[in-house]
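Trainee: Quick one: the structure is below, and I'll ask about it shortly.
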Amino acid sequence: MHELLISSPQAARNHSAEPSDEFLRALYEKHGYVLMRFAARLLGGDWHRAEDVFQEAAIRAWQHASELDPSAEALRPWLFAVVRDLVIDGYRVRQARPPEADDESLRRLPVPDGVDRALTTQVVVDAMRDLAPFQREVLLHMYYMGRSVSQTAKVLGVPPGTVKSRTHYAMRALREGLSSRGLHAA
């Protein structure tokens, strides 16, 4: 394919073994705008990424500068293929790893430090102290110890209906106590 990229034998002789700034300048002048537009279209209009893609394509062409003529029309299809491949590779890389977060978004993330939980616990304990002893007792058995109505009734020596009634009124009083302290229970 490289034979197609060299427009003439003289152009091939004019390229030195070491690539030069003239090569890149000619490449940008002849193909830059068209290839960046092509890359931007593939990237959904992202000109910044399109410039990066074209720069990478230019570097790849520059690495073969001794074999290529930057002003040759035959070079353009090769450059289009390189740009397309770079865009596809970039897409695959982004799909394979999670998106990067900038420092600012990381600074705004809440860090669990236990303070909220400790404060909420203290508010709940204070609200529980305001309950009548029999209400506090039924809530401890039902919710803290995870006992059923019948198990709680058996332990407390009261009928299951009494456990249900005490639980209902205790929960209502606890909700009011939490609400008056600024904590709204669900």
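Trainee: Here is a check on your reading of the model: is Ile59 among the β-branched types (Val, Ile, Thr) and more than 26 Å from the chain's Cα centre (by Cα)?
Mentor: yes
Trainee: Then there is this: May I ask you to verify whether Ala61 is closer than 18 Å to Ser20 by Cα, in contact (Cβ under 8 Å) with a residue 24 or more places away in the chain and out of contact with any Asp or Glu (no Cβ under 8 Å at 6 or more places or on another chain)?
Mentor: Here the answer is yes, as Ala61 does meet what is asked.
Results for (1) at positive phi; (2) surrounded by 13 or more Cβ atoms within 10 Å (Cβ to Cβ); (3) polar (S, T, N, Q), shown as yes or no for each residue.
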{"position": "Gly146", "(1), (2), (3)": "yes, no, no"}
{"position": "Ser150", "(1), (2), (3)": "no, no, yes"}
{"position": "Ala153", "(1), (2), (3)": "no, yes, no"}
{"position": "Leu156", "(1), (2), (3)": "no, yes, no"}
{"position": "Thr162", "(1), (2), (3)": "no, yes, yes"}
{"position": "His168", "(1), (2), (3)": "no, no, no"}
{"position": "Arg172", "(1), (2), (3)": "no, no, no"}
{"position": "Ser179", "(1), (2), (3)": "no, no, yes"}
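Trainee: How many residues are modelled with pLDDT of 75 or more and either β-branched (Val, Ile, Thr) or closer than 30 Å to Ser20 by Cα (or both) if we restrict to region 67-124?
Mentor: Of the residues in region 67-124, 30 are modelled with pLDDT of 75 or more and either β-branched (Val, Ile, Thr) or closer than 30 Å to Ser20 by Cα (or both).
Trainee: In addition: Part of a helix (DSSP H, G or I), acidic (Asp, Glu) and closer than 30 Å to Asp46 by Cβ - does that describe any residue in region 88-96?
Mentor: Yes, region 88-96 contains at least one residue that is part of a helix (DSSP H, G or I), acidic (Asp, Glu) and closer than 30 Å to Asp46 by Cβ.
Trainee: Looking at region 38-55, which of the residues that are in contact (Cβ under 8 Å) with a residue 12 or more places away in the chain and open to solvent by 70 Å² or more (accessible area, probe 1.4 Å) is farthest from Pro77 (Cα to Cα)?
Mentor: Arg49
The values are calculated or read from the model by the stated rules, or taken from the named source; none is laboratory data. The structure presented is a predicted model; accordingly, all values stated were derived computationally and were not measured. In this analysis, Cβ positions are derived from the backbone assuming ideal geometry, glycine residues included, and neighbour counts consider all displayed protein chains. Note: accessible area is taken over every heavy atom of the protein model, side chains too, but ligands, DNA and RNA are not part of it. Shrake-Rupley method; radii C 1.70, N 1.55, O 1.52, S 1.80 Å.
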